[in-house]
Amino acid sequence: MPPEALETSTDSAVLPRRLRQTLEGILGKRVVRATPIGGGYTPARRLRIALEDGNRVFVKAATTDHTARWLRIEARVYDALAGSAFLAERLAWHDDSDEPFLVLEDLSESHWPPPWNPGQVESTLAALASVRESRHRIPFALERIEDDRANFASWHRVATEPSPFLSLGLCSRAWLEAALPPLIAAEAVAPLAGEDLLHLDVRSDNVCFRPGSGEAVLVDWNWVCIGNRDLDIAGWLSSLHSETGILPETLLPGGGGFAALLSGFWAYRAGTPPPPGAPRVREVQKRQLQSALPWAVRALDLPPLRGR
């Protein structure tokens, strides 16, 4: 479609006037269309922007203090790791106290799973290998996931407040009472310590594959941290299982500690009301729990799950 055939967006609810003016000033081109992009689990503004020269870009703008802080972390990652095959090209960054925003290449023509095509699992594993080996390129301090274990380990919280988890119908109260001691013990020794760079939020909505090359590109870098290289793989495997049927232990043998840790994290949260600005996050967590909990059962040799 030629640029002149595009209609100028006038919906300020989609693209606020101030954001539009700043964006046009930075890019030096007029915006002719702004399309909101769904699928995110934070209230950040996500837009596909069509420009007057026919090109398109992706804009992610902060809308709250939390999203502004996360976006600033992302911007530093894009700056430090520029040129990496697993990273989208950063086109611009504007740090504004009210609404900072990041401009990236448009990846809409890439393949976003599911479905997963042959070779894409291997491409994702290769990308994660490149990520973890890139730690030396990060010039600023990052949190160590081991130091945040207390936030992730959650089966003891489920033991104190089991009703939200039990409301999901994944197991009986009797099963939970019998399984809690080994689950709590396993998550307490999950091997989080390490020296590798981690994305820490690998899911199908955060990975796409470039047309032609099939290289995996990871997006949403606000949870980047340092830790055990296998944690990124473990965190991805529950969503991969729900979409492909591949058992997590096929790609990560001996991951019982990770399975306990991740299933506990989701078990404590999936049955509670969604946080403000993220109405779909509990659905995602429940789907991941439905894969992670059976993985923990198999890995720890627990009794079969029994629903209520």
**Prompt:** Taking the mean number of other Cβ atoms within 10 Å as a proxy for protection, how do you rank 181-191, 292-302 from highest to lowest?
**Reply:** 292-302, 181-191
**Request:** Calculate how steeply helix 230-244 sits against the longest principal axis of the alpha-carbon atoms of the chain, using the helix alpha-carbon long axis, and give the answer as 0 to 90 degrees to the nearest 10.
**Result:** 90 degrees
**Message:** Using only the Cα atoms of the chain, what are the Rg and Dmax in Å?
**Reply:** 20.8, 67
**Asked** Beyond 20 Å, what share of the Cα-Cα pairs of the stretch 160-308 remains, rounded to the nearest whole percent?
**Response** 51 percent
**Request:** Take the alpha-carbon centre of the stretch 144-178, take the same for the stretch 234-284, and report the distance between them in whole Å.
**Result:** 13 Å
**Complete:** Within the under-14-Å Cβ sphere about GLU215, not counting GLU215, Lys/Arg +1 and Asp/Glu -1 give a net charge of -3
**Asked** So, in nm, how far is label ASN151 from label ARG137 when the simple model puts each one 7 Å beyond its Cα toward the Cβ?
**Response** 2.5 nm
**Item:** Theoretical FRET efficiency, 1/(1+(r/R0)^6), r = Cβ-Cβ of GLU105 and ASP65, R0 35 Å, to 0.05
**Value:** 0.80
**Request:** Run the quick spin-label model on SER167 and ARG229: label points 7 Å from Cα toward the beta carbon, then report their separation in nm to one decimal.
**Result:** 4.2 nm
**Request:** Within the stretch 244-258, which residues have the backbone N less than 15 Å from the label spot 7 Å out from VAL189 along Cα→beta-carbon, could you tell me?
**Result:** 254-258
**Request:** Starting from the Cα of ALA178, step 7 Å along the direction of its Cβ; do the same at ARG72; then give the gap between the two resulting points in nm.
**Result:** 5.1 nm
**Complete:** Applied in sequence order to the stretch 107-124, the curve 6.51 cos²θ - 1.76 cosθ + 1.60 (Karplus, θ = phi - 60°) yields integer Hz couplings, x standing for Gly and Pro, of 9, 5, 7, 6, 8, 10, x, x, x, 8, 8, x, x, 6, 5, 5, 5, 5
**Fill in**
Among PRO162, PRO139, TRP93, the residue whose Cα sits farthest towards the positive end of the charge dipole of the chain, when +1 is placed on the Cβ of each Lys and Arg and -1 on the Cβ of each Asp and Glu, is PRO162
**Request:** For the stretch 3-105, state what percent of all Cα-Cα pairs lands in each successive 5 Å bin, counting from 0 Å until the bin that includes the largest distance.
**Result:** 2, 13, 24, 25, 21, 11, 4, 1
**Prompt:** For THR63, which sequence-distant residues (separation of 5 or more, or a different chain) have an amide H within less than 5 Å of its own amide H, given hydrogens modelled in the peptide plane?
**Reply:** ARG45, ALA68
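Every read-out reported here was derived from the displayed coordinates using simple, explicitly stated rules and does not represent laboratory data. For clarity, every value in this text was computed on a predicted model and none was experimentally measured. Ideal geometry is used to build each Cβ from the backbone, glycine not excepted, and the neighbour counts take in all protein chains shown.
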